[in-house]
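Here the structure comes first, spelled out in structure tokens, and everything after it is commentary.
The values are calculated or read from the model by the stated rules, or taken from the named source; none is laboratory data. Treat the numbers as computed from the prediction; the structure is a model and nothing was measured. Note that each Cβ is placed from the backbone with ideal geometry, even for glycine, and that neighbours are counted across all protein chains shown.
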Amino acid sequence: MNIPEEKELIEFLGSRPQRESEEDSLFYDTAAFAFSNRVEDFKLTISPFYDKFILTVKDHASQEIVSHIELRSVQKLEIVNGQDYNKIRLLHGESDIYQNVLEFTFNPRFKMMFEEQYR
């Protein structure tokens, strides 16, 4: 999985990751970022070498899981900064015919968009 630099992820998510190994580069490690927007709490775990992406979203007040997604074939994770939004875009499940695009917005509330794009 292609990913932004660790510093960019920290700035975007506002959280330092818990890493399995501080000695390995982020690409060969597993990193878990925990952060909140005051409405939902998030745990985002990435293992770039294994193309793995896990996102768990909980309601801040009740701690009930609102959303959970676990992907094992992510080609790219990118940060998209716009005037009115900041989001993470994933490129997943590529084939000769299509590619899946998932976009996650975390502020002011969590939103997820999934689109299958034909080539």
* **Phe42 being in contact with a Pro (Cβ under 8 Å, 6 or more places away or on another chain) and at pLDDT 95 or above** => no
* To do: Could you look through segment 68-104, keep only residues that are closer than 22 Å to Asn37 by Cβ and of a type in the set (Asp, Glu), and pick out the one that is surrounded by the fewest Cβ atoms within 10 Å (Cβ to Cβ)?
  => Asp84
* Can we say Lys76 is in contact (Cβ under 8 Å) with a residue 40 or more places away in the chain and either farther than 16 Å from Met112 by Cβ or not in a strand (DSSP E or B) (or both)? -> yes
* Asked: In the set Lys52, Lys43, Lys58, which member is more than 14 Å from the chain's Cα centre (by Cα), within 27 Å of Asn100 (Cα to Cα) and not hydroxyl-bearing (Ser, Thr, Tyr)?
  -> Lys58
* Asked: Under the condition of being of a type in the set (D, E, K, R) and not in a loop (DSSP other than H, G, I, E, B), which residue from segment 1-11 is farthest from Ser73 (Cα to Cα)?
  -> Glu11
* Could you tell me which residue of segment 20-40 is farthest from Asn2 (Cα to Cα), considering only residues that are within 13 Å of the chain's Cα centre (by Cα) and aromatic (Phe, Trp, Tyr)? => Phe35
* Asked: Here is a list of conditions, (1) out of contact with any Leu (no Cβ under 6 Å at 6 or more places or on another chain); (2) surrounded by 13 or more Cβ atoms within 10 Å (Cβ to Cβ); (3) modelled with pLDDT of 95 or more, and Asn107 meets all of them except one; can you say which number that is?
  -> (3)
* Say we look at segment 61-98 and pick out the residues that are of a type in the set (S, T, N, Q) and within 17 Å of Ile3 (Cβ to Cβ); which of these is modelled with the lowest pLDDT? -> Asn86
* To do: Considering only residues that are among the basic types (Lys, Arg) and not in a strand (DSSP E or B), look in segment 12-61 and name the one that is surrounded by the most Cβ atoms within 10 Å (Cβ to Cβ).
  => Arg16
* Structure fact -> Conditions (1) out of contact with any helix residue (DSSP H, G or I) (no Cβ under 9 Å at 6 or more places or on another chain); (2) within 25 Å of Gln117 (Cα to Cα); (3) not charged (D, E, K, R) -> Pro48 fails only (1)
